[in-house]
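Student: What follows is a single structure, and I will ask about it in a moment.
Computed from the coordinates by the stated procedures, all read-outs in this text should not be read as laboratory data. Note that this is a predicted model, so its numbers are computed, not measured. Cβ placement follows ideal geometry from the backbone for every residue including glycine, while neighbour counts extend to all protein chains displayed.
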Amino acid sequence: MKLLKKITLTLLIILVVGFFFKGIVFRTLFTYNSIGQRENYSATDTQLCNYIDGFINGEEKLTSEEIINLSLKITSKQLHFTSQKNQNDPNKLIESKSAHCVGYAAFFATTCNYLFKKYNLSNEFYAQAQIGNLYLFGINLHKFTNSTFFKDHDFVLITNQHSNETIAVDPTIHDYFGINSITFAK
């Protein structure tokens, strides 16, 4: 009986620590590598622009970090994941609402760039959807599947065009696990 209590307590502690430090654990275990870029879209649909603007609440100024976090929130609220073939253009995703990682990355990048422009930060920051490979402990996970669906995984790089500093974000992982940034191998 004491052994069962110790095992249960140990598992509970591991789960609690894992929950509170999930971002650190994820960034330690997984690394992303870009193998190319996807097309970036501009927010041209009035419904999409109004949807994004609806989250601003009259804010006169947002920092780049606030824009990234808000864009993650907007993307997660709008989209739900599907493995089915679907649209990638955010101007169409505003209606369809379902996407795989390509659509998530496109929607997030478009939202970021729309807000960077709105808050006069587009000369400094730019979000670009990336085609990537995902590595666990340095091992490319995409080599273990024959499925064309899992041949790559899209994410987004936000670049400070003055300092060349980049922030890597996986909007799909954020939607499922609430992890805001990922490890990017340059």
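Student: Computed FRET efficiency, Cβ-Cβ of I14 and S122, R0 30 Å: what is it to the nearest 0.05?
Tutor: 0.10
Student: Specify the inter-centroid distance of the range 71-129 and the range 1-54, based on alpha-carbon positions, in whole Å.
Tutor: 17 Å
Student: List the DSSP H helices in the chain whose Cα atoms stretch 24 Å or more along the helix axis and whose mean Kyte-Doolittle hydropathy is at least 1.0.
Tutor: Helices meeting the criterion: 2-20.
Student: With a cut-off of at most 15 other beta carbons within 10 Å, and DSSP calling the residue loop, which chymotrypsin sites (Phe, Trp or Tyr not before Pro) in the range 131-186 qualify? Please list them.
Tutor: Those that pass, being in a loop and sparsely packed, are F137.
Student: Do the alpha carbons of any pairs in K85/K151; K73/K97; K22/K77; K77/K97; K61/K118 sit beyond 18 Å of each other, and which pairs?
Tutor: Distance filter (> 18 Å) returns K22/K77.
Student: Rounded to the nearest 500, what is the 222 nm mean residue ellipticity of the chain from helices alone, with -39500 (n - 2.57) per DSSP H run of 4+ residues and division by all residues?
Tutor: Details: 7 runs with 82 residues, N = 186.
It comes out at -13500 deg cm²/dmol, rounded to the nearest 500.
Student: When only Cα pairs under 8 Å and 6 or more residues apart are kept, what is the percent relative contact order across the chain? Intermediate values should be presented prior to the final figure.
Tutor: Values: 293 pairs, mean separation 51.3, N = 186.
Computed over the chain, the figure is 28 percent.
Student: Show the residues, 5+ positions off or on another chain, whose built amide H is closer than 5 Å to the amide H of I182.
Tutor: Hits under the 5 Å cutoff: A168, V169, D170.
Student: Let me ask you something else. For D154, which sequence-distant residues (separation of 5 or more, or a different chain) have an amide H within less than 5 Å of its own amide H, given hydrogens modelled in the peptide plane?
Tutor: V102, G132
Student: Considering the options L62, G138, S83, tell which one lies farthest towards the positive end of the dipole of the range 57-186, charges being +1 on Lys and Arg and -1 on Asp and Glu at the Cβ, about the Cα centre.
Tutor: It is S83.
Student: To the nearest 20 Debye, how big is the dipole of the range 78-166 about its Cα centre, given +1 on the beta carbon of each Lys and Arg and -1 on that of each Asp and Glu?
Tutor: Details: 7 positive and 6 negative charges, 44 e Å.
In debye, rounded to 20, the range 78-166 gives about 220.
Student: Only four residue types carry charge here, +1 at the Cβ of Lys and Arg and -1 at the Cβ of Asp and Glu. Report the dipole size of the range 2-177 about the Cα centre in Debye, rounded to the nearest 20.
Tutor: Dipole magnitude for the range 2-177 comes out near 960 debye.
Student: Please identify every one of the trypsin sites (Lys or Arg not before Pro) in the range 63-153 that sits in a loop by DSSP and has no more than 10 other beta carbons within 10 Å of its own beta carbon.
Tutor: Here the sparse-neighbourhood loop sites are K85.
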